[in-house]
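Enquirer: Dropping the structure in here first, questions after.
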Amino acid sequence: MTHIAPQAADTVAVPPPPVSFWQAFVFWLKLGFISFGGPAGQIAIMHQELVEQRRWISERRFLHALNYCMLLPGPEAQQLATYIGWLMHRTRGGVIAGVLFVLPSLFILIGLSWVYIAFGDVPVVAGLFYGIKPAVTAIVIQAAHRIGSRALKNSWLWAIAAASFVAIFALNVPFPLIVLGAAVLGYLGGRFAPTRFSNAGGHGASRAAFGPALIDDETPTPAHARFRWSRLALLLVVGAALWVLPMGVLTALFGWGGTLTQMGWFFTKAALLTFGGAYAVLPYVYQGAVGHYGWLSPTQMIDGLALGETTPGPLIMVVAFVAFVGAYLQQALGGEHLFLAGAVAACLVTWFTFLPSFLFILAGGPLVESTHNVLKFTAPLTAITAAVVGVILNLALFFGYHVLWPKGFSGAFDWVSALIAVSAAIALFRFKRGVIPVLMVCGLAGVLVQLLRLA
């Protein structure tokens, strides 16, 4: 999983002063605007800010929380922020931390989605997307390599990855069935071949000392973070109500088959399948949003991922773009309210996508933490992560096909896009450049190509 290599720091003898709720609020708001770089970059930012500089939480407690979040479906960085906010300031602290991690990205994506759908044919905008899409293909390949090098520790896990690739690429098996099959294999493997499915890719505890923290290694677990059956039951009831009420309203207003209702139902299912990060669930989103519902085209799906890569917040926020474009084009609220339909859809889908993440932290945190190192619990997740590698490789081929042969194999090969993709891959793999600089340079290259073609 994501590895953090802390830097040495001078030991400070005095712990920091207590942090008020509003001091934390300001930090979580700032984090929402600077959380670029995918989960690895976002976790690194939190580690630098919370462990090294502010010392709100110790290294060991930070990594313990991170290990827990990585066992869950959903965006791990957002869940980690929620967890730390909850540990510091109870339920309201967790809710605020998690919401502010997502909210700036939602508003930015609503604005960018409207610009895309309304002005996508403007040469400069079209050129930006022309350059960014090949870069996204290289980024997805890098994601497959990064996860694969970490997850595929032996031939058994390689076999699961290969089988998942064949299942989704050649047999068109739905992503949920691939996840279920991998989980069953992992459970059986954990029982009969435990050494093959032990999770050796964790976050080893660091020996670096940053000084005493507000929540230190010896700090007792606060009362609100201890497991109680009554609290678990209450949160499950509240969580169910927060899902049932909006779904009930949508069904009453638009019927079960309405676009907004189906978006809520579909993205609820997607939220429960995000083991391995956003790249793992994107094929499922593609199968549903493009293949089954027809909310947007394959090209628009790639454009949405490109936007998601260039904005702060979790990459899974690409679902806001999918919802905006789908509701806009489907005229979910009528032909005279296109922008409103898109904005409402983006907000609804964000709600249904992230609601499970909050429940996993607030309701399940104290319970699941106790099973963190139990092999029968972690072995299925190890197998699922291996299967995710095959799924992401399929996603990379899907993007590559639509970028390099925009009119299908019967059309011309786009050698300019291929050149941009290869250059992006070299920058990512060979020179270890960040995602944002690569996207910016490729976007500018696309604008230049577009202007030269119009000249």
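The values are calculated or read from the model by the stated rules, or taken from the named source; none is laboratory data. Computed from a prediction, not measured in an experiment: that's the story for all the values here. Don't worry about glycine lacking a Cβ; one is built from the backbone with ideal geometry, like all the others, and counts go over all protein chains shown. Areas reflect the complete protein model, heavy atoms only, side chains present, ligands, DNA and RNA absent. Shrake-Rupley method; radii C 1.70, N 1.55, O 1.52, S 1.80 Å.
Enquirer: Look through the range 144-178, keep the residues that are out of contact with any Gly (no Cβ under 8 Å at 6 or more places or on another chain) and under 25 Å from LEU428 (Cα atoms), and return whichever of them is modelled with the highest pLDDT.
Expert: Per the criteria, the residue is TRP158.
Enquirer: Sticking with this structure for a sec: For the range 352-366, give me each residue that is in a helix (DSSP H, G or I), open to solvent by less than 40 Å² (accessible area, probe 1.4 Å) and of a type in the set (A, V, I, L, M). Explain how you work it out, then say what you get.
Expert: Filtering the range 352-366 for residues in a helix (DSSP H, G or I) gives 352-362, 365-366.
Next, only the ones that are open to solvent by less than 40 Å² (accessible area, probe 1.4 Å) stay: 352-358, 361-362, 365-366.
Listed by number, the residues that qualify are LEU355, ILE361, LEU362.
Enquirer: Do you know which residues across the range 214-244 are at pLDDT 80 or above, open to solvent by 70 Å² or more (accessible area, probe 1.4 Å) and assigned to a loop (DSSP other than H, G, I, E, B)?
Expert: ARG226, PHE227, ARG228 - these are the residues of the range 214-244 that are at pLDDT 80 or above, open to solvent by 70 Å² or more (accessible area, probe 1.4 Å) and assigned to a loop (DSSP other than H, G, I, E, B).
Yes or no, residue by residue, for (1) of a type outside the set (Lys, Arg); (2) within 19 Å of the chain's Cα centre (by Cα):
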position	(1), (2)
TYR130	yes, no
ALA135	yes, yes
ALA143	yes, yes
ARG150	no, yes
ASN154	yes, no
ALA162	yes, no
VAL166	yes, no
LEU180	yes, no
GLY189	yes, no
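Enquirer: Only one of GLY390, GLY411, GLY446 is more than 29 Å from GLY313 (Cβ to Cβ), in contact with a Phe, Trp or Tyr (Cβ under 8 Å, 6 or more places away or on another chain) and open to solvent by less than 30 Å² (accessible area, probe 1.4 Å); which? Give the steps one after another, and end with the answer.
Expert: Details: GLY390 fails: more than 29 Å from GLY313 (Cβ to Cβ); GLY446 fails: more than 29 Å from GLY313 (Cβ to Cβ).
GLY411 is the lone residue from the list that is more than 29 Å from GLY313 (Cβ to Cβ), in contact with a Phe, Trp or Tyr (Cβ under 8 Å, 6 or more places away or on another chain) and open to solvent by less than 30 Å² (accessible area, probe 1.4 Å).
Enquirer: Every residue in the range 247-261 that is open to solvent by less than 30 Å² (accessible area, probe 1.4 Å) and either touching a Leu at 6+ places or on another chain (Cβ under 9 Å) or not in a helix (DSSP H, G or I) (or both), please. Let's see the steps before the verdict.
Expert: Step one: filter the range 247-261 for residues open to solvent by less than 30 Å² (accessible area, probe 1.4 Å), giving 247, 250, 255, 258, 260-261.
Once the filter is applied, which keeps residues that are open to solvent by less than 30 Å² (accessible area, probe 1.4 Å) and either touching a Leu at 6+ places or on another chain (Cβ under 9 Å) or not in a helix (DSSP H, G or I) (or both), the range 247-261 yields LEU250, GLY255, GLY258, LEU260, THR261.
Enquirer: Now for a different question. Specify which of the listed residues (PHE339, PHE399) is closer than 27 Å to ILE132 by Cβ, among the aromatic types (Phe, Trp, Tyr) and open to solvent by 50 Å² or more (accessible area, probe 1.4 Å).
Expert: Testing whether each residue is closer than 27 Å to ILE132 by Cβ, among the aromatic types (Phe, Trp, Tyr) and open to solvent by 50 Å² or more (accessible area, probe 1.4 Å) leaves just PHE339.
One line per residue, one yes/no per condition, for (1) of a type outside the set (Gly, Ala, Ser); (2) at pLDDT 85 or above; (3) part of a helix (DSSP H, G or I); (4) not assigned by the TED database to the domain that holds LEU245:
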site	(1), (2), (3), (4)
GLY288	no, yes, yes, no
VAL322	yes, yes, yes, no
LEU329	yes, yes, yes, no
LEU333	yes, yes, no, no
GLY342	no, yes, yes, no
ALA345	no, yes, yes, no
THR350	yes, yes, yes, no
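Enquirer: Same structure again: SER417 is checked against (1) assigned to a helix (DSSP H, G or I); (2) within 30 Å of ALA162 (Cβ to Cβ); (3) under 25 Å from the mean Cα position of the chain (by Cα) and fails just one. What number does that condition carry?
Expert: (3)
Enquirer: So, one more: Pairs under 7 Å by beta carbon, first residue under 22 Å from LEU367 (Cβ atoms) in the range 212-232, partner in a strand (DSSP E or B), six or more apart or different chains?
Expert: Listed pairs, sorted by first residue: ILE215/ILE57.
Enquirer: Okay, moving on. Give the residues of the range 168-198 that are without any contact (Cβ under 8 Å) to a residue 12 or more places away in the chain and either surrounded by 14 or more Cβ atoms within 10 Å (Cβ to Cβ) or outside any loop (DSSP other than H, G, I, E, B) (or both), sorted by residue number.
Expert: Within the range 168-198, VAL173, LEU177, LEU180, LEU188, PHE192, THR195 meet the criteria.
Let's see how each residue does on (1) open to solvent by less than 30 Å² (accessible area, probe 1.4 Å); (2) touching a residue at least 40 places away in the same chain (Cβ under 8 Å); (3) outside the structural domain of ILE316 (by the TED database):
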site	(1), (2), (3)
TRP56	yes, yes, yes
ALA65	yes, no, yes
MET70	yes, yes, yes
ALA77	yes, yes, yes
THR91	no, yes, yes
VAL95	no, yes, yes
LEU112	no, yes, no
ALA118	no, no, no
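Enquirer: Something else now. Looking at the range 262-277, which of the residues that are of a type in the set (A, V, I, L, M) and open to solvent by 20 Å² or more (accessible area, probe 1.4 Å) is modelled with the lowest pLDDT? Before the answer, list the steps.
Expert: Looking only at the range 262-277, we keep the residues that are of a type in the set (A, V, I, L, M), and these are 263, 270-273.
Okay, now just the ones that are also open to solvent by 20 Å² or more (accessible area, probe 1.4 Å), so 272-273.
Details: LEU272: 84, LEU273: 74.
Here the residue is LEU273.
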